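Below is one structure, written out as structure tokens; comments come after it.
Just so you know, all these numbers are worked out from the coordinates, no wet-lab data involved. Small disclaimer: the values here were computed from a predicted structure and weren't measured. Cβ sites come from the backbone with ideal geometry, for glycine too, and all protein chains shown count toward neighbours.
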Amino acid sequence: MSSPDSFPAETAPADWRVPAIIGAALMMQTLNATVLTNALPAMATALEVDPLRLNLAITMYMLAAAVFLPVSGWAADRFGARRVFVAAIILYALASAACGLAGSLPALVAARIAQGAAGAMMGPVGRLVLLRTTPKSQLVGALSILTMPALLGPVIGPVLGGAIVTFADWRWIFFINLPIAVVGLILVLRHVPRVAGQEVAPTD
């Protein structure tokens with residue numbers, strides 16, 4: 001006879017830690033897509049360039065995210081979704097540090113390209129981890145929890161960017177990602193289950 005604390009897979013109590021952790025990582029990515037908006041004048045002064053040229057930092061981030069998006073699914077299938085997700089968080093943190101330390105526009109743009117590539121990996125791969133580790137009966141609720149933090153990023157981004165420029169240095173727009181990434185990495189390694197890789201065709 002089964003114990004009263006055991007549940008079938010489809011009726012087990014929902015564990016919302018995994019979608020919340022993945023959603024927080026996605027919020028970090030969507031936040032940085034818009035956080036530069038109010039910081040451009042201060043950044044232009046520090047880097048000694050025309051503020052309009054800093055649009056490159058925003059455009060190249062989005063372009064890199066679009067270019068690397070199709071690769072993310074293949075990489076997750078080939079190497080394992082959690083492994084790719086962890087690698088994306090690490091790359092995102094390193095790219096954020098490089099953005100904060102940039103002393104010129106070309107250095108900032110190069111770091112933003114790396115940041116966009118890592119962000120492209122985080123979004124789809126995080127959702128893939130959730131789809132492959134969540135029972136179907138709990139999937140709608142899990143996706144809702146994952147989506148909520150990600151939707152807050154574009155809303156909070158401009159306000160947070162303006163506050164950082166007003167009360168601190170613009171470089172903290174990027175440095176603030178480092179403790180978030182460290183905490184997220186620990187939580188992913190501790191709570192997000194492994195998803196095995198699969199045999200896939202070579203990339204086209």
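A few comments on the model shown:
- On the principal axes of its alpha-carbon atoms, segment 30-115 has extents of 44, 21, 20 Å, going from largest to smallest.
- Alpha carbon centroid spacing (whole Å) that separates segment 27-84 from segment 98-150: 11
- Electrostatic bookkeeping for ARG194 treats Lys and Arg as +1 and Asp and Glu as -1; over the other residues with beta carbon under 11 Å from its beta carbon, the sum is +3.
- Size of charge dipole - the chain - debye, nearest 20, with Cβ of Lys, Arg +1 and Asp, Glu -1, no other charges: 220
- Mean Cα-pair separation over length for the chain, i.e. relative contact order, pairs under 8 Å, 6 or more apart, %: 40
- Extension reserve of the VAL49-ILE90 stretch, reckoned as 0.36 nm per residue once the Cα distance is removed: 11.8 nm
- From the largest down, segment 75-122 spans 37, 13, 11 angstrom on the principal axes of its Cα atoms.
- Shape analysis of segment 23-191 based on the Cα gyration tensor places the equivalent ellipsoid semi-axes at 29, 16, 13 Å, largest first.
- Ordering PHE167, SER72, PRO106 by Cα displacement along the dipole of the chain toward the positive end leaves SER72 in first place; charges were set at the Cβ atoms of Lys, Arg (+1) and Asp, Glu (-1).
- The distance between label points at ARG17 and VAL71 comes to 3.3 nm (points 7 Å beyond Cα on the Cα→Cβ vector).
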